[in-house]
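Right, one structure below, let's go through it.
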Amino acid sequence: MLLFVLGLASMFLYWRFRPASYESSLLPEKKAVHIATDYINQLVGVDVSKWTWYTSYWYDHKLINRMHKLNLLDKWRHLLFDWGIVEAWRIRFIDQDNSIVINISAKGEVTFLSTTIRDAAIYNEAHKTMTSSADVVSRIKHKHSCIWNRIEATGAGERTEELANIKHYWYMISQGDLRMKITIILEDGRVTEVANDTEINTSDMQAIVRKEYRETALNLSGFIGSLIAVTVAIFVLINIEQVINVYTSIALTGLMIFSILLTAVDDIKLSLINAYDSRLTVRSIYTVGVLSALVGMIAYGFLMFLLSFVGLNLAYLNGSITFQNSITQLLAGIGTGFICLSLTSVLFHCLQQHGFLRIAPELSSRSTFLSGYKYKQSISMSIQSALLEEVIYRLLGISLLSLFINQTVIAIVVTSILWAFLHQGLGFSSSLYRGLQLVIIGMILGVVYVYFGFLAVFVAHFIYNFLMTSLPLIDYQMSKRKVKRQSLTPLSES
């Protein structure tokens, strides 16, 4: 109970020192779809107003991460909005065998377009075809255009194929350290593709790329750790003489499957937006998505059952607490989750204040809300990561090491370090301090597991992840209520 009360009290610190969030410029979804429909009609000559459409939030994740590492993110933040590198919508229009995907920036401009038209009859005969680079620019820009009013043509090319006349136009816009190259392809006077590539002009890029490769290699430790855990679990299972906790393992497996099912439909819609193949029907895409979800459930279900079953039996042999005194564990877990969250925010705030650490602000609260990210996504991700990681690193890892070396403290430290390697340091510069924070949190979770039990540490991990990932939604909804209250305040009171 004391831990629970301390956790609640510590949330004041978390709210006071929580990560920064940018204000949003993301267009409302329906407005973005309306703009996209008009652009497609102008550029491609196809009316998609009655087509089925799917949307998702889009931003250039790799470029944003590189800019953060180079300490350029705040300097050029306004350009990220203006050029559609963040706060953009990716919209997929589908009608039978025809598909068009388009990006609409926060300024209402086209930054990406790709068409797959298999039925030429859908083209608008009244559409005016384009014959030059000037035609393209005049058709695509608007009065307050941030990109196309400043774009410079850098070249053109043409090739003639058996059934089409294809022209390529190349453009560039640059400011300071950033340069965006844009390619437009015309086929018989209609735009079939708009592609862009944004570069950072700095001599430090080679060092950043090498660091990315090192981080990628380091993050393979998560896969290697899971593989080792499965191997050890199978070996231990063969040598276990007494088998218990079968039903508990089945229950944990059911929880894992539930978390996967929670967002299965949303995952299928996302695949429709980013990886749709017009040679397939939407129904077939859903069928493949359902089958993929089933395969994922079987794979993760088997992994969860095996690891939890072995871990629970090892915990029994080791005399560790698992689900006993569930009310006490629940309260301890909630309190620990709050404390870990508060400790993290205070630690990062202090490191930033003294110049030891830079953290890329999260996507704006409003953007996250409008892009369709809801609490169920946060719940699903939080359950999956908390359950699998705690089973591997606390239930199985600490129990196994404690049996072999009979040193609980060493077991907690070793599993905490291994758990820290599992996570990426994206958005943190230097990532060393992110690793240090993870080791500290891992040791706290290890101590909670040893003294309170598995249920407590799972709840603590879930609370930490859920609040961290759902904060943008909470932030946005609170700011929305604040604006609403202010709009209702009588003039005499203001």
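Scanning the stretch 61-81 for any residue that is within 24 Å of Leu113 (Cα to Cα) and of a type in the set (Val, Ile, Thr) turns up at least one such residue. Exactly one residue out of Ile100, Ile117 is of a type in the set (A, V, I, L, M), at pLDDT below 90 and farther than 20 Å from Tyr373 by Cβ, and it is Ile117. Cβ-Cβ below 7 Å, separation at least six or inter-chain, first residue in the stretch 433-445 and over 15 Å from Leu351 (Cα atoms), second open to solvent by 40 Å² or more (accessible area, probe 1.4 Å): which pairs? Once the first residue is over 15 Å from Leu351 (Cα atoms) and sits in the stretch 433-445, its partners that are open to solvent by 40 Å² or more (accessible area, probe 1.4 Å) give Val439/Ile417; Met443/Val413. Selection of the stretch 153-188 for residues being of a type in the set (Lys, Arg) and either touching a Lys or Arg at 6+ places or on another chain (Cβ under 6 Å) or open to solvent by 60 Å² or more (accessible area, probe 1.4 Å) (or both) yields Arg159, Arg179, Lys181.
The requirement of being open to solvent by 10 Å² or more (accessible area, probe 1.4 Å), over 28 Å from the mean Cα position of the chain (by Cα) and among the small types (Gly, Ala, Ser) is satisfied by Gly319.
For the stretch 137-168, a tally of residues being of a type outside the set (A, V, I, L, M, F, W, C), farther than 23 Å from Leu63 by Cβ and either outside any loop (DSSP other than H, G, I, E, B) or in contact (Cβ under 8 Å) with a residue 40 or more places away in the chain (or both) returns 10.
Scanning the stretch 394-411 for residues that are within 15 Å of His461 (Cβ to Cβ) and either modelled with pLDDT of 90 or more or open to solvent by 50 Å² or more (accessible area, probe 1.4 Å) (or both) yields a count of 3. For the stretch 8-29, check the following and say yes or no: at least one residue is among the acidic types (Asp, Glu), over 28 Å from the mean Cα position of the chain (by Cα) and at pLDDT 85 or above. Taking every residue of the stretch 8-29 in turn, none turns out to be among the acidic types (Asp, Glu), over 28 Å from the mean Cα position of the chain (by Cα) and at pLDDT 85 or above. Where residues in the stretch 449-460 are open to solvent by 10 Å² or more (accessible area, probe 1.4 Å) and in a helix (DSSP H, G or I), which of them is farthest from Ala386 (Cα to Cα)? Per the stated criteria, the residue is Tyr451.
For the stretch 130-152, filtering for residues that are surrounded by 11 or more Cβ atoms within 10 Å (Cβ to Cβ) and either at pLDDT below 85 or farther than 18 Å from Met172 by Cα (or both) leaves 3.
The values are calculated or read from the model by the stated rules, or taken from the named source; none is laboratory data. In this text, all values refer to a predicted model and were calculated from it rather than measured experimentally. Cβ sites come from the backbone with ideal geometry, for glycine too, and all protein chains shown count toward neighbours. Protein only, heavy atoms only, side chains kept; ligands, DNA and RNA dropped before computing areas. Shrake-Rupley method; radii C 1.70, N 1.55, O 1.52, S 1.80 Å.
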